[in-house]
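Visitor: To start, I am sharing the structure in question, which I have written as structure tokens.
The values are calculated or read from the model by the stated rules, or taken from the named source; none is laboratory data. Note that the structure is predicted; figures quoted are calculated from it, not measured. Because the Cβ atoms are built from the backbone with ideal geometry, glycine has one as well, and the counts that use them run over all protein chains shown. Keep in mind that these areas ignore ligands, DNA and RNA; they rest on the heavy atoms of the full protein, side chains included. Shrake-Rupley method; radii C 1.70, N 1.55, O 1.52, S 1.80 Å.
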Amino acid sequence: MHRVGSAGNTANSTRPRKEKRLTYVLSDADDTKHCAGINCLAVLKASVSGCDYLFTGSRDGTLKRWALAEDAATCSATFESHVDWVNDAVLAGDNTLVSCSSDTTLKTWNCLSNGTCTRTLRQHSDYVTCLAVAEKNSNVVASGGLGGEVFVWDLEAALTPVSKSGDSMEDDSSNVVNGSGNALPITSLRTISSSNSISVHTTQSHGYVPVPAKGHKESVYALAMNDSGSLLVSGGTEKVVRVWDPRTGSKTMKLRGHTDNIRALLLDSTGRYCLSGSSDSMIRLWDLGQQRCVHSYAVHTDSVWALASTPTFSHVYSGGRDLSLYLTDLATRESLLLCTGEHPILQLALHDDSIWAATTDSSVHRWPAEGRNPQKIIQRGGAFLAGNLSFSRARVSLEGSTLVPVYKEPIFTIPGTPGIVQHEILNNRRHVLTKDTAGSVKLWEITRGVVIEDYGKATFEEKKEELFEMVSIPAWFTVDTRLGSLSVHLDTPQCFSAEMYSVDLNIVGKPERIIRQIYVNLARETLKGLLAHWLAKRKQRFGVQASANGDAPSGKEVTTRSITHSRIEVDSNTENDSMVYPPFEFSTASPPSVITEGSQGGPWRKKITDLDGTEDEKDFPWWCLDCVLNNRLPPRENTKCSFYLHPCEGSAVQILTQGKLSAPRILRIHKVVNYVIEKMVLDKPLDSANPDTTLAPGIAGGPVQLSAIGDGSFRSGLKPWQKLKPSIEILCNNQVLSPEMSLATVRAYIWKKSEDLILNYRVVQGR
């Protein structure tokens, strides 16, 4: 599993405050399909009429509901709110789906809704890896995770609205935005560390706190509960099966025998027998009454990650890292290889006479299983006798007695889309090259969230070299592919460091003399594009007060924050570039999802087209709102490039420049050429007492501005050099520079030194 860096702020810290991050997740494919491995499955049988449903939870951070027909499955809802991998999901009763995630939360959903999250439960301090539910007492759900945390939840109590008491509903003990945009109260926070001490948050609300099952010193990977909810078993990296009374959280016994991590657990309906699957490749059957292992089954050749049993607990289906699905008769020890796939099996779910298998691939397969009478398959022959020592199965396979699977093809497959597994941010800082699990290479434009080139099964490294551009633009975003998609992260103030001339953004319908002079801030226009739908909805709700140059409806929520921090500047280029270039437009057909958090409620995720305009600084980072609503950017560092301008050795032509020049990093060399020509022809000396000079882009096609500290700015209205047109070359390290190169590019690729850049100029004769 991948660890997620915290986007939150650390209370009582003396270090500089870390601002909240905004992430957007790009989608190029059908939103009805998963794009990463499937970690969990749950089947909901139709009560009287209607169809059965399959729920899948994925490493892409979403859950999906599939309406099942005889040989078809239709995605009827996507449940989107988790901000990291969904690790497990269980059905509690007929209407409630409970999921857990590496984002440290549990979420409850109305499973028959269009994807509404009804509550976010925050109790774990690390990844939540597994869940268990009591079949006949669906009000009881247990959760386990890293750090040895196990909690038992009374869902009815947990879902009861929390009454506010004074100012107790602050920070994480506040509201969470659900799938429909409504604010829903969450339960209180109480963290139980591995040392079993309880620390209550100072702003804790007086809400429900689950029962902690204290005793694990290491991570928990598997849980199981009996039908009545009177018995809970857990396992993990400690290699022991622990048995608990979930009503009190007290330990009742500890069962030893496995030699590696326990990854899967099952309890029979009565709670008498327990099955465990381990990374030691063994399956063990425990008699909890006798407190001992009564059988061990050497069936697999690698880690066992998934178990599913028949209702009578007579047979077990098992899968794992060896890509194989086996059926084993627990009484006779006869085992049969049902099928072999291409990916490790992560979870299994019996469904009538078939079984669903979730793997590290984004597709889900349904295989024949004869779940009502598995003995029918075994009677066909081909079974082997499971040994009771882990090396016995490995030895058999080494001796070459290859097993032939009973089934070659699944009955049915719910296809996913290939997940992105490799990426490279190109030098222009707008394009990202990706490769997915199918080997397909694509080029994304992240400022619009779309694929602009699909190269098919190309060689990634060759394409990367082919697309190389000698340009230098600040790294204003970061990217990861942890969710199988491109997640683009924006952190302030770094994200506002990149600017580009409008002419490079292929603007149409504007005079070139204008767009050649205007430059835009990439992050600001990206944020405006991402939140365009939100802003439109906001204007509908609150009228002109929510316009791009106005404040939030309250008149204080963003502006007060800005004044308090006094770290904001209004971008001097705002008026120009907003007239020239509209915000970047993102697709509404495959809209990206935003992952972020504000001052309350913790991180959340939602499609940009599902934002309803009510979200404010409780939901968004304040710097995002200040940028989009007020057009203000934080102060940025290193936006200038210092350089010296000297004549080439032996040159007869010299201009008077005393000291260092300074200009925006994106300034093109042709501007420096213009500056040299203007100085040659007009021969305007600088104030020798003020040697440091600022060179800036001209406006509307005019000459380069020359600002000397102390004597204001110089701008020539006359342009006689345009008639004379002396031909000038600019050099760096004796290399002639292209007029279209920026100062930043020259510094990065030609100069290659940390000290100030030195440029040389010369007149080219005979042109």
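Visitor: Can you give the accessible area of TYR455 in Å² (nearest 10), computed on protein heavy atoms with a 1.4 Å probe?
Guide: Rounded to the nearest 10, the figure is 60 Å².
Visitor: Would you please give the residues with an amide H less than 5 Å from that of THR359, counting only those at least 5 places away or on a separate chain, with H modeled from the backbone geometry?
Guide: Amide H neighbours of THR359: ILE38, LEU346.
Visitor: While we're on this one: Excluding residues fewer than 8 places away in the same chain, name every one of the lysines whose C-alpha is closer than 30 Å to that of LYS752.
Guide: The reachable lysines, counting only those whose Cα sits under 30 Å from LYS752, are LYS463, LYS464, LYS640, LYS660, LYS671, LYS679.
Visitor: For HIS34, list long-range residues whose amide hydrogen, built 1.01 Å from N in the peptide plane, is under 5 Å from its own amide hydrogen.
Guide: It is THR417, by chain and number.
Visitor: Now a separate question. Quick one: length gained pulling ASP610 to THR340 fully straight, 0.36 nm per residue minus the C-alpha distance?
Guide: Taking ASP610 through THR340 to full extension adds about 93.1 nm, to one decimal.
Visitor: Where a ≥ b ≥ c are the square roots of the eigenvalues of the C-alpha gyration tensor, would you call segment 270-335 rounded, which needs a/c under 1.5, or, failing that, prolate if a/b is larger than b/c, or oblate?
Guide: Verdict is prolate for segment 270-335.
Visitor: If each residue of separation counts as 0.36 nm, what is the full-extension length gain between GLU649 and GLU409 once their alpha-carbon separation is subtracted?
Guide: Residue separation times 0.36 nm, minus the Cα-Cα distance, leaves 78.7 nm.
Visitor: Students sometimes get this wrong: rank TYR221, TYR761 by accessible area, probe 1.4 Å, all chains present, largest first.
Guide: Greatest to least solvent exposure: TYR221, TYR761.
Visitor: Let me ask something else about it. Straight-line reach only, C-alpha to C-alpha below 24 angstrom: list the lysines that LYS408 could link to, leaving out same-chain residues fewer than 8 apart.
Guide: The reachable lysines, counting only those whose Cα sits under 24 Å from LYS408, are LYS376.
Visitor: Let me ask another. For a paramagnetic label modelled at 7 Å from the Cα of ASN114 toward its Cβ, which residues of segment 73-91 fall within the zone defined by backbone nitrogen distances under 17 Å?
Guide: Answer for this model: 75-81.
Visitor: Starting from 0.36 nm per residue, how many nanometres of slack lie between THR639 and SER230 once their C-alpha separation is accounted for?
Guide: 140.8 nm
Visitor: Spin-label point model (7 Å from Cα, Cβ direction): what's the GLN290 to GLN375 distance in nm?
Guide: The modelled label-to-label distance comes out at 2.2 nm.
Visitor: Using a Förster radius of 30 Å, what is the FRET efficiency between ILE758 and LYS457 based on their Cβ-Cβ separation? Nearest 0.05, please.
Guide: After rounding to 0.05, the efficiency reads 0.05.
Visitor: Leaving ligands, DNA and RNA out of it, work out the accessible area of MET470 with a 1.4 Å probe and give it in Å² to the nearest 10.
Guide: Solvent-accessible area, nearest 10 Å²: 80 Å².
Visitor: Determine ³J(HN,Hα), in whole Hz, for all residues of segment 428-436 in sequence, where each value follows from phi through the Karplus function 6.51 cos²θ - 1.76 cosθ + 1.60 and θ = phi - 60°; x replaces Gly and Pro.
Guide: Values, residue by residue: 6, 6, 10, 10, 10, 8, 10, 9, 10 Hz.
Visitor: Please compute the modelled spin-label separation between SER314 and LYS217, points set 7 Å along Cα→Cβ, answer in nm with one decimal.
Guide: Calculated label separation equals 4.3 nm.
Visitor: Right, here's the next one. For a quick check of understanding: with a 1.4 angstrom probe and all protein chains in place, what accessible area in square angstrom does VAL736 have, to the nearest ten?
Guide: 70
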